[in-house]
Amino acid sequence: MNTMVETKTGNSKQNILVVCIVLFINALFIGKYAARYIPHAFSHALLYVVIVGSVYMLWQKKNWQISSLVISLLTIIIMLAGFLILRYIPVESLHVDRWSVIYSFFTELHNGHYPYGAISNMNNSPGPLPVYFLISYPFYLIHEIGYMPILALGLFVFYMIGKQKREDTDGSFALLLLLLSPFIYWEIVARSTIFFFSLSWLIYSEWLLKKGMNNWVTVLISGIIGGLLLSTRFVYVLLLAIYGIYLLRKKIKLSYLIGWGAIILITFALTILPFYLRFPTEFVSGNPFHTESSSFMPFWFNFLIIPIAIACVYFSKSNSHVVFLSGIALFAIVLIYFLYRIGTDGWINAFYNSSADISYFILPIPFLLGVLSKNIQNKVMNN
């Protein structure tokens, strides 16, 4: 006998939490950067939250959708506008130095000097790890780091469109929310690369969880990719801890998991080793681990990784859910860092004088928007 069963893929509470977090992050960007040009910036941030939040509630109530074609055209227009913006807003006029960190790194390297001893235009040392700079190198050669966030915007939209078609889901609001988010335009103008690398981790995460580890070839490939991606920013070790524990819970062979971890560590070490061998004294006295510890993750943050990873796995119900919880975990780490800076430096110094870098809140965005979707089909026939 056939029965009609109502189904919902995409937990409504999960989606509401995602929207709230993304709106919170955008409000921070408006509150900080709009304040340089307009009074009462946080009032405008609140207005933005109310408008977009209302649109989301109507979206859910009316079951609206935007076609992939319309989203694609909007994305292409925004990307083209981004290229024009880069031409007319000189990077030197901005109070940010992500681009300068990359440029100064390669300037020192080309001169035969220790690249992690470089100083940016805002007197900061390089914090990212070697593969971060390796991937950035082609953009350094063409003298425009800003192409990275533009490329990331396009890649995310078209990745999500392809994912929707494969899974028969609608993520059009997630894509619209991204296009309406001030942080993505800050990324482009500021020549920041956080969204680019977090998107790379999202793609790797979903591939790893779908593929699993059922043979040594997969273990080898996923371990090498994981080690290379870890050599962008060390904070992503949190994701590897989550996925390792989650896969072990799914009953993969312990030997595969140990092999995967070993390959990640070996690959990661091999990306660091040339700098130690070439500049041993300089590396000991100043390396990216020291820089990241002082600017973002104090050493005691490392003790949070395993408890957070275990909690994420404990509450995980599916591959998609563990991706969502990965985003929550990254958001939690950045929020703890943000509150820690406020506690030590005060609100004015932390927020307006940037002792707390709010751009790190972009780290979880691809993971959160990547799961913000609903099923196209409302009913399924079961026998």
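Can you name the number of the only condition in (1) part of a helix (DSSP H, G or I); (2) buried (at least 23 other Cβ atoms within 10 Å of the Cβ); (3) not aromatic (Phe, Trp, Tyr) that LYS210 fails?
Checking LYS210 against (1) part of a helix (DSSP H, G or I); (2) buried (at least 23 other Cβ atoms within 10 Å of the Cβ); (3) not aromatic (Phe, Trp, Tyr), the one that fails is (2).
Are there helices (runs of 4 or more DSSP H) fully within region 250-329 with at least 1 residues that are modelled with pLDDT under 95 and under 19 Å from the mean Cα position of the chain (by Cα)? List them. Please lay out each step first, then the result.
Numbers: elements: 254-278, 280-285, 288-295, 302-315.
In region 250-329, 288-295, 302-315 are the helices (runs of 4 or more DSSP H) which contain 1 or more residues that are modelled with pLDDT under 95 and under 19 Å from the mean Cα position of the chain (by Cα).
Tell me, which helices (runs of 4 or more DSSP H) wholly within region 66-168 include 2 or more residues that are touching a Gly at 6+ places or on another chain (Cβ under 6 Å)?
Ranges flagged: 68-88, 147-167.
List the residue pairs whose Cβ atoms are under 7 Å apart, where the first residue sits in region 116-129 and is closer than 15 Å to ILE194 by Cβ, the second is crowded, with 19+ Cβ neighbours inside 10 Å and basic (Lys, Arg), and the two are 6 or more positions apart or on different chains.
PRO128/ARG233; LEU129/ARG233
Which members of region 272-293 meet the condition of being surrounded by 13 or more Cβ atoms within 10 Å (Cβ to Cβ) and either among the small types (Gly, Ala, Ser) or touching a strand residue (DSSP E or B) at 6+ places or on another chain (Cβ under 6 Å) (or both)?
Hits for region 272-293 are GLY286, SER293.
Looking only at region 345-355, decide whether some residue is touching an Asp or Glu at 6+ places or on another chain (Cβ under 9 Å), assigned to a loop (DSSP other than H, G, I, E, B), of a type outside the set (Asp, Glu) and on the phi < 0 side of the Ramachandran plot.
yes
Determine whether region 175-197 contains at least one residue that is touching a helix residue (DSSP H, G or I) at 6+ places or on another chain (Cβ under 6 Å), in contact (Cβ under 8 Å) with a residue 40 or more places away in the chain, assigned to a helix (DSSP H, G or I) and small (Gly, Ala, Ser).
No; the residues of region 175-197 include none that is touching a helix residue (DSSP H, G or I) at 6+ places or on another chain (Cβ under 6 Å), in contact (Cβ under 8 Å) with a residue 40 or more places away in the chain, assigned to a helix (DSSP H, G or I) and small (Gly, Ala, Ser).
Collect the residues in region 246-270 that are buried (at least 19 other Cβ atoms within 10 Å of the Cβ) and in contact (Cβ under 8 Å) with a residue 40 or more places away in the chain, keeping them in residue-number order. Explain how you work it out, then say what you get.
Step one: of region 246-270, the residues buried (at least 19 other Cβ atoms within 10 Å of the Cβ) are 246-247, 256, 260, 263-264, 267-268.
Passing the criteria: TYR246, TYR256, TRP260, ILE263, ILE264, THR267, PHE268.
What are the pairs, 6+ residues apart or on separate chains, where a residue within region 144-160 that is touching a residue at least 40 places away in the same chain (Cβ under 8 Å) and over 17 Å from LEU363 (Cα atoms) has its Cβ under 6 Å from a residue that is assigned to a helix (DSSP H, G or I) and among the aromatic types (Phe, Trp, Tyr)?
Filtered contacts from region 144-160: ILE145/TRP99; ILE145/PHE139; TYR147/PHE139.
Name the residues in region 222-244 that are surrounded by 19 or more Cβ atoms within 10 Å (Cβ to Cβ), of a type in the set (Val, Ile, Thr) and modelled with pLDDT of 95 or more, would you?
Within region 222-244, THR232, ILE242 qualify.
Name the residue that is surrounded by the most Cβ atoms within 10 Å (Cβ to Cβ), counting only residues in region 298-350 that are without any contact (Cβ under 8 Å) to a residue 12 or more places away in the chain and either in contact with a Cys (Cβ under 8 Å, 6 or more places away or on another chain) or β-branched (Val, Ile, Thr) (or both).
Per the criteria, the residue is THR344.
Taking ILE102 as meeting all but one of (1) surrounded by fewer than 22 Cβ atoms within 10 Å (Cβ to Cβ); (2) within 20 Å of GLY286 (Cβ to Cβ), write down the number of the exception.
So the condition that ILE102 fails would be (1).
Considering only region 171-180, I want to know if a residue exists there that is aromatic (Phe, Trp, Tyr) and surrounded by 21 or more Cβ atoms within 10 Å (Cβ to Cβ).
So far as region 171-180 goes, yes, one or more of its residues are aromatic (Phe, Trp, Tyr) and surrounded by 21 or more Cβ atoms within 10 Å (Cβ to Cβ).
Give the number of residues within region 58-97 that are among the small types (Gly, Ala, Ser) and more than 22 Å from the chain's Cα centre (by Cα). I'd like the intermediate steps shown before the answer.
Of all residues in region 58-97, those among the small types (Gly, Ala, Ser) come to 67-68, 72, 81-82, 93.
Next cut, more than 22 Å from the chain's Cα centre (by Cα) only: 67-68, 81, 93.
Of the residues in that region, 4 qualify.
The values are calculated or read from the model by the stated rules, or taken from the named source; none is laboratory data. Note that the coordinates shown come from a computational prediction; the quantities given were computed from them, not determined experimentally. Positions of Cβ are generated from backbone atoms using ideal geometry, with glycine treated the same way; all protein chains shown enter the neighbour counts.
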